[in-house]
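Values quoted throughout were computed directly from the atomic coordinates according to the rules given, and no laboratory measurement underlies them. Everything numeric here is computed off the predicted structure, so don't read it as measured data. All Cβ positions, even for glycine, are placed from backbone atoms using ideal geometry, and neighbour counts span all protein chains on display.
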Amino acid sequence: MKFSLPHIYPITDAGISGLAHHAQARALAGAGCRFLQIRDKQATSRELYEEVLRSIGEMRPLGGRVIVNDRVDIAMAAGADGVHLGQSDLSPADARKLMGEAAIIGFSAHSIEQALHALALPIDYLAIGPIFDTRTKADPDPTVGVEMIRQVRLAIGEMPLVAIGGIDSGDLQDVLEAGADSAAIISGLAGASAGIGARFQELAELANTVKQL
């Protein structure tokens, strides 16, 4: 394992936050975040590349890592630390060939069958979801619920597991206690009235408390 999953795994969203990705990266890095995914389904390739590059500039001087959702080409061009891939994206095997052994590669699953298939893939962590209803996707997959986390945890053994989809402070304890190593947060951070950095610190403190129980 090339890195340890943080208990809180931030994913940027420019639409919900009203902030550019690099501005979110700056706020999160300043709040102690050291692992971040840049996700943007609407930006042009050039816009996304520039935002990833600037986000790396915010995170890396503080020891943080940046990965890119879906876009292996953008991740490689910008010098990001890795990618997160979905079921319809470039395969993890092909991404690994292109990006090398040092790259962080995450992969999404939406069922036990997909999770079991992922065990044979050259990935660093698996994400299961959406756990709850989410407003960050125009056409989301069906929700799988907290019980799916428990089932996947049993199925995949020690593989690092991220829960994703509609998770916020009220659900965080249930998600982590069900077996997730990390909770990916999008709306719960991007929509925070107190600011992304302050909200990240609040969630990280809560997650650390749960994991110490």
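Quick look at the numbers
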| item | result |
| --- | --- |
| ³J(HN,Hα), Karplus 6.51/-1.76/1.60, whole Hz, each residue of the range 121-128, x for Gly, Pro | 8, x, 10, 9, 7, 10, 10, 10 |
| Cleavage-rule hits (GluC sites (Glu not before Pro)) in the range 145-213: DSSP loop, at most 15 neighbouring Cβ within 10 angstrom | 158 |
| Amide proton proximity set for residue 35, modelled H, under 5 Å, gap of 5+ | 65 |
| Förster radius 41 Å - calculated FRET efficiency between residue 77 and residue 4, Cβ distance, rounded to 0.05 | 0.95 |
| In nm, spacing of pseudo-spin labels at residue 143 and residue 60 (7 Å Cα→C-beta vector) | 3.9 nm |
| Quarter of Cα convex hull surface for the range 125-175, i.e. mean projection, nm² | 3.7 nm² |
| Label-point separation, residue 119 to residue 154 (7 Å along Cα→Cβ), nm | 1.4 nm |
| ³J(HN,Hα), Karplus 6.51/-1.76/1.60, whole Hz, each residue of the range 197-213, x for Gly, Pro | x, 5, 5, 4, 4, 4, 5, 5, 5, 5, 5, 4, 5, 4, 5, 8, 5 |
| Proximal charge balance of residue 31 [Cβ under 13 Å; K/R count +1, D/E count -1] | 0 |
| q = 0.18 Å⁻¹, the chain: log10 I(q)/I(0) [Debye, one scatterer per Cα] | -1.38 |
| The range 20-33 - phi-based ³J(HN,Hα) in whole Hz, Karplus 6.51/-1.76/1.60, Gly and Pro as x | 4, 4, 5, 5, 5, 4, 4, 5, 5, 4, x, 8, x, 5 |
